[in-house]
1. Being at pLDDT below 95 and either outside any strand (DSSP E or B) or surrounded by 14 or more Cβ atoms within 10 Å (Cβ to Cβ) (or both): is that true of ALA139 here?
2. Give me a count of the residues in the stretch 62-94 that are in a strand (DSSP E or B) and small (Gly, Ala, Ser).
3. When you check GLN149 against the structure, is it touching a strand residue (DSSP E or B) at 6+ places or on another chain (Cβ under 6 Å) and polar (S, T, N, Q), yes or no?
4. Counting just the residues of the stretch 95-127 that are among the small types (Gly, Ala, Ser) and assigned to a strand (DSSP E or B), which one comes out farthest from the chain's Cα centre (by Cα)?
Amino acid sequence: MKKTIALVVFGLAASTFGLVGGAQQLPKSGTISVNSGWKANGETVQVGEGRVFGWGGFYGVTFNSRGSGPMHMGTAVCPYYLDLTGGAGPGGGSCAWTDADGDKIYTQYTGTLATNGVFDGLNQITGGTGKFSGVTGKAPFQCKALSAQGHFGCSQQFEYRLP
């Protein structure tokens, strides 16, 4: 009887831990859709008539659009630069995206800020750690300014490939 109970307990534990471990595995390629909220902290300087340079950092939180999975309940930090004429123009920088497991995706991004506060562009995936080790791909993004205090809401689509 004790042997049977021990086998049942071991079987339940193995299947439970097997499922948890399996959840950490990603398909070799796919798309991870993420919604994110951001706060920008930075500075600007007027360098000419109607022209502004800006730099600083975006600090964000990420949520997988499915409500669970990779990049859900994660964080991100992205230094940035801007070169605006008449309130619109190019910007870019780099990002470190960290998911709830502590695994990271690194990107470099470029985009265009419009006068209506929309910032659209593309992240190029440059590497990763943990389950994202060796990752490549791209992550188009769409952002919208939510306030004059540097709050943004965004969506990203990480189109990735693993070795």
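The values are calculated or read from the model by the stated rules, or taken from the named source; none is laboratory data. Predicted, not measured: the structure shown is a model, and the values here were computed from it. Virtual Cβ from ideal backbone geometry, glycine too; neighbours counted across all protein chains shown.
1. Spelling it out, it is not the case that ALA139 is at pLDDT below 95 and either outside any strand (DSSP E or B) or surrounded by 14 or more Cβ atoms within 10 Å (Cβ to Cβ) (or both).
2. Summing the residues that are in a strand (DSSP E or B) and small (Gly, Ala, Ser) in the stretch 62-94 gives 8.
3. No.
4. GLY111
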